[in-house]
C-alpha cells in the first residue's frame with residue numbers, strides 16, 4: 001500500500017471520528033432537564049448515551065413509573081377514559097397506538113395526545129390508595145389510580161375529567177419551564193379549565209378537605225354559576241373516594 005493510500009485511510013478515519021463527535025453535540029435534546037432529579041441536565045445526552053440499548057426517536061416522551069400492577073391499571077384506565085390505547089416501552093415511555101372515538105371523553109383524549117406530543121419530558125408515577133396523594137401530587141408526579149378509578153366508577157366522565165386535569169396541568173407546567181411551584185398556579189388553572197370542559201361546565205368548586213375519613217364534594221358550574229353536576233364522597237382511611 002502506498003504512502004498516499006495510508007494517508008487517505010488516516011484522513012478518512014479522522015473524519016469519521018470527528019463526524020461522530022460532531023453529530024453527538026450537533027443539537028440539543030428538546031426534552032427539558034427535570035428540576036427535581038436533574039435528569040437530562042446534559043442536553044446532548046440522547047438515549048441515555050447508549051443508542052445501542054435505548055431508543056430516543058425525537059427526544060421527548062411521557063414516562064410512566066411505579067409498581068407494575070399500578071402501571072398496568074393506569075394504562076387500562078387511560079383507554080377507558082380517553083379511548084386511546086397506549087403502550088409503554090422498556091423505559092416506561094408511552095406512545096399512542098390507536099384511538100377509539102366511541103370510548104371515553106374527547107377532551108381527555110386531547111389532553112393525553114397533547115402530553116405525549118409535547119416537546120418536554122413529562123414523568124408520571126402510578127400509585128394506588130396512597131394516603132398522601134389525592135388524585136395526584138404535583139410535587140412528586142404521583143397519580144393515584146384508585147382515586148381516578150373510583151371517580152370513574154361513579155361517572156366515567158368524572159374519571160376522565162380528573163385524568164384530563166392531571167395531564168393538562170403537567171403539560172402546561174413543563175411548557176412554562178418545569179414542575180416548579182412558581183409554575184403551579186397557571187398550570188392548575190389550565191388543568192381546571194380542561195377538566196371542567198370535559199364535564200360540560202365552566203368551572204369546578206369543592207367542599208371539604210380531601211383527607212382520610214372525611215367527606216369531600218365536587219361541584220361543576222356553568223358560566224352563570226348554576227350547578228351542572230354535583231358529587232359527594234366519603235373518603236376511606238387511605239383518602240380514596
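Overview of values
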| read-out | value |
| --- | --- |
| Selected residue [more than 26 Å from residue 228 (Cβ to Cβ) and in contact with a helix residue (DSSP H, G or I) (Cβ under 6 Å, 6 or more places away or on another chain)] from 183, 132, 117 | 183 |
| Single residue of the range 58-93 satisfying the filter (without any contact (Cβ under 8 Å) to a residue 60 or more places away in the chain and in contact with a helix residue (DSSP H, G or I) (Cβ under 6 Å, 6 or more places away or on another chain)) that is farthest from residue 157 (Cα to Cα) | 86 |
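Quick note: the coordinates plus some simple rules give every number you see, no bench work behind them. No experiment lies behind these values; they were computed from the predicted model shown. Because the Cβ atoms are built from the backbone with ideal geometry, glycine has one as well, and the counts that use them run over all protein chains shown.
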